[in-house]
1. Note down the nm distance, to one decimal, between modelled labels 7 Å out along Cα→Cβ at Arg322 and at Arg197.
2. Quick check on the exposure proxy: order Lys376, Lys146 from fewest to most C-beta atoms within 10 angstrom.
3. Taking neighbour Cβ counts within 10 Å as the exposure measure, how do His265, His303 sort from fewest upward?
4. At Asp450 and Lys181, where each label point lies 7 Å from the Cα along Cα→Cβ, what is the point-to-point distance in nanometres?
5. Take the Cβ-Cβ distance between Asn423 and Arg464 as r, set R0 to 30 Å, and report the resulting FRET efficiency rounded to the nearest 0.05.
Amino acid sequence: MKSFYVFCLAACLYGTLLVPSSAHPSPLHRGQGRHHHPHPDQDDLPPDVELIDFDQFFGVPEDPLSEQIEGTEEGETNREPLSQQPKGFNKNDGMLYLQQFGYYNMSEDPTGMLGSLGTISPMMRRAVINFQRFANIPTTGVIDEKTAEMMKMPRCGCPDVVAPPSGPVARYTRLGSRWQKNDLTYRINNFTPDLPRDQVVDAIARAFDVWSEVTPLTFRRVSGPADIEIRFAAGSHGDGNAFDSRGGVLAHAYQPGGGIGGDAHFDESEVWQIGGPSIAFLSGTDLFSVAAHEFGHSLGLGHSQVNSALMAPFYRYQSRLRLDRDDINGIQSLYGGPQPRPRPQPTPAPRPQPTKPPVNPPPPGGEGDADTCSGKSFDAFTRLANGTMYAFRGKYFWQLTERGVSPGYPQLIKDVWQGLPGNLDAAMFYEINGKTYFFKGGQFWRFTGDSMDSGYPRSISVWRTVSDIDAALYYGEWDGRTRSYFFKDGQYWRYTGGARAGADSGYPRSLSLWRGFPTRIDAAFTSADGTRYIFRKDRYWKLAANRAAVDTNGGYPRSVATDFLGCAKTLVDLEVEP
């Protein structure tokens with residue numbers, strides 16, 4: 001274990017600091033801000049703040065875990081995974097820690113760190129109390145075992161307090177600057193060899209999504225100069241803030257501004273992975289979690305006193321990363337809330353009327369996939385936020401109304417949906433964010449209306465578990481939770497709340513559990529009024545309300561060509577496989 005200290009200039013730019021270097025991982029993320037030292041009123045301090053004995057002040061042994069580890073029976077282990085294992089801790093560690101993270105400034109202490117031989121100054125003890133308050137642990141005024149354990153926790157390298165909290169209730173802090181625009185660009189300058197490139201791209205994009213979901217901010221990946229430059233580097237990398245070897249500084253970021261402002265750097269000496277610890281002593285660090293925290297600094301947020309906040313200084317992996325209300329309040333105090341998405345127009349979804357002839361004449365014929373009434377299966381069905389429904393087959397798409405196909409269709413996908421390929425696997429409109437998702441092979445595309453969002457396509461690995469799919473269905477709310485389903489080769493996966501957390505436990509399951517449906521499907525669709533349909537070749541089924549079973553009142557399966565396309569009859573009557 002390294003026990004020496006090295007000088008470095010923190011990326012928070014609050015002065016020259018003594019930074020401990022350790023052989024154990026201690027994620028030290030760095031932002032930029034002004035040096036600020038918390039000084040509570042004297043009335044806030046315990047009444048016995050006075051010069052106390054040095055050893056009494058440090059009420060912990062040199063290494064509080066040494067006896068525990070040495071006394072472990074053979075075959076047992078009390079050690080934690082490498083990413084969480086505490087470092088050894090001594091008297092100098094505590095004093096240097098308080099100075100490093102903005103609680104204490106020796107140059108401002110008239111008595112010095114030691115008030116007299118073997119004693120600690122009131123200002124130093126006050127610094128301990130401030131740290132204990134920020135860490136939400138008992139304010140004893142001495143570095144007891146609990147305080148030492150908190151100081152040993154993996155954490156961000158920015159000072160904990162660079163500005164006063166933003167109100168009597170707020171616990172977040174702001175670094176002092178913000179971007180003066182909402183549409184931001186970022187560039188990934190290089191990649192870590194620890195992960196496939198597409199996983200790095202996805203992790204970075206998802207980390208930005210954490211913030212774009214609650215603000216009007218958008219983030220677009222570019223190949224040229226960008227607002228936020230992202231790079232992996234080891235050792236000295238040109239910004240005056242050299243990384244050490246594995247186990248010390250993990251990453252650092254800069255507050256909004258010109259030049260290096262907003263940039264985020266990740267230590268290439270670390271072992272990067274997607275997800276949390278898997279094998280004790282061999283676990284790496286989750287790139288997504290670290291990046292989401294760092295980008296908070298890149299947008300202008302400092303640290304929060306709320307333990308559950310993403311912007312809390314103490315690093316922890318969350319399998320289901322969510323912003324705390326304090327994070328949301330903080331970022332919205334800088335940029336406001338998300339822009340309201342267009343409300344769906346009251347255009348009703350297609351209502352099959354098989355006993356009535358179509359109002360419009362049958363659509364004109366075509367060749368191959370363009371032949372509307374051929375009876376061939378469709379690749380996908382979906383809708384937009386305004387309720388307009390579309391069907392996709394091969395390189396063509398159709399706009400549908402309750403009367404059938406709109407005049408002028410089919411059209412080529414490439415002529416309207418810029419960047420979207422043909423021969424899709426699936427499509428899904430996600431009611432929560434008003435976005436439409438398209439899937440093909442190992443990639444997916446996200447559209448707002450008929451315009452592709454920046455940063456797409458992405459790898460389907462974002463959704464975890466599946467490598468490609470046959471169909472996707474946004475189900476909506478069930479028991480107060482939003483659910484979606486993916487289908488592939490007679491199996492299905494359920495997602496609660498979106499892609500970030502992965503499929504629910506216990507999945508995949510067999511589609512045979514959905515009573516009355518074929519065991520393999522081509523497409524699925526939820527209309528604007530909440531009706532859910534399953535498609536296989538030229539047949540479709542309607543789901544019963546709140547049950548994974550066919551609606552028994554409609555004579556299903558029925559013809560897609562007749563009911564959805566307005567064809568006089570199905571020219572090719574394909575048998576549906578079980």
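1. 3.6
2. Lys146, Lys376
3. Ranking His265, His303 by Cβ neighbours within 10 Å, fewest first, gives His265, His303.
4. Here the answer is 2.8 nm between the modelled labels.
5. Working from the Cβ atoms, E equals 0.75.
The numbers here are math on the coordinates, done by the rules we state, and not lab data. Source: prediction; values computed, not measured. Here Cβ is always computed from backbone atoms with ideal geometry, including for glycine, and neighbour counts include all displayed protein chains.
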